[in-house]
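Take a look at the structure set out below.
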Amino acid sequence: VATYAVGAFLLRTDRGAEWVRARVEGALQEMVGTGGRVTVGALSLSPLGSMRLDTLAVHDSTGTLILSSGPVEARFDVLPLTDRLLHLRYAAITRPLAHLVADSAGAWNVAVLFAGSSGAGRPASAALAWRVVVDSLDLRDGLLRTERLGAPGAPPDTMRFAGLAMALGASRYHTGTGAGEVVLRHLAGRSSAPPLDVRNAEGTIVLFRDSA
């Protein structure tokens, strides 16, 4: 108990908050590998394992923004970070933005972020991998922009999906293998071009280990 109390006190200091920020950023960076760059903004902590990130951004290898968000609030287990386990008890992500682009061959810019263990820049040793466990996650007021590039000089086929709201249930992901499971409890949003109105989608997405 005394050790936990001392640890909780240290995490309330600026140095403790920076240690956690670097660990969170490192875990996310290892999911992306050298195909992109993760930036985690200022972080504040409570002694009971709650944190708030001001901003979060993911750029591709050319520096183009793929994913970003406004404030992120989360409750998590602190001590498992030392065992490379990021366990989010709850997370709320405000104003997330995803800008997804497919080249003329149909390859999406976001694919490199989820390429699995054989992707560029992934740690070769399982000892360097992170396990990510999410009990509950809410996404609020999101925006999804997609572009499909065609022949040179032709305008891209675009879509803008606004007002995104999403809730995840118990989900997991392993940065070394790319395997995991995402439980979608709720998804809603709308697009004007093409006309699309999603009210209450749900389901489970299974991520398999990359066999390449």
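The values are calculated or read from the model by the stated rules, or taken from the named source; none is laboratory data. This one's a predicted model, so the numbers in the text were calculated from it and none came from an experiment. FYI the Cβ positions are ideal-geometry reconstructions off the backbone, even for glycines, and counts take in every protein chain you see. To get the accessible areas, we keep the full protein, side chains included, count just its heavy atoms, and leave off ligands, DNA and RNA. Shrake-Rupley method; radii C 1.70, N 1.55, O 1.52, S 1.80 Å.
So, in the range 53-88, of the ones that are closer than 22 Å to Ser171 by Cβ and acidic (Asp, Glu), which residue ends up modelled with the highest pLDDT? So, considering only residues that are closer than 22 Å to Ser171 by Cβ and acidic (Asp, Glu), the one modelled with the highest pLDDT is Glu73.
Checked across the range 120-134, the condition of being modelled with pLDDT under 90, within 19 Å of the chain's Cα centre (by Cα) and under 16 Å from Ile66 (Cβ atoms) holds for at least one residue. Among the residues of the range 90-105, are any open to solvent by 60 Å² or more (accessible area, probe 1.4 Å) and closer than 16 Å to Leu143 by Cβ? Yes; the residues of the range 90-105 include at least one that is open to solvent by 60 Å² or more (accessible area, probe 1.4 Å) and closer than 16 Å to Leu143 by Cβ. Looking only at residues of the range 46-70 that are more than 22 Å from Thr158 (Cα to Cα) and out of contact with any Gly (no Cβ under 9 Å at 6 or more places or on another chain), we find that the one that is most open to solvent (accessible area, probe 1.4 Å) is Leu48. Note on the range 20-35: residues that are small (Gly, Ala, Ser) and at pLDDT 85 or above amount to 1. Which residues, taken from the range 142-168, are exposed (fewer than 14 other Cβ atoms within 10 Å of the Cβ), under 16 Å from Asp197 (Cα atoms) and not hydrophobic (A, V, I, L, M, F, W, C)? Selection gives Arg160 alone. Residues in the range 80-106 that are farther than 24 Å from Glu147 by Cβ and touching a Leu at 6+ places or on another chain (Cβ under 6 Å): Ala91 alone.
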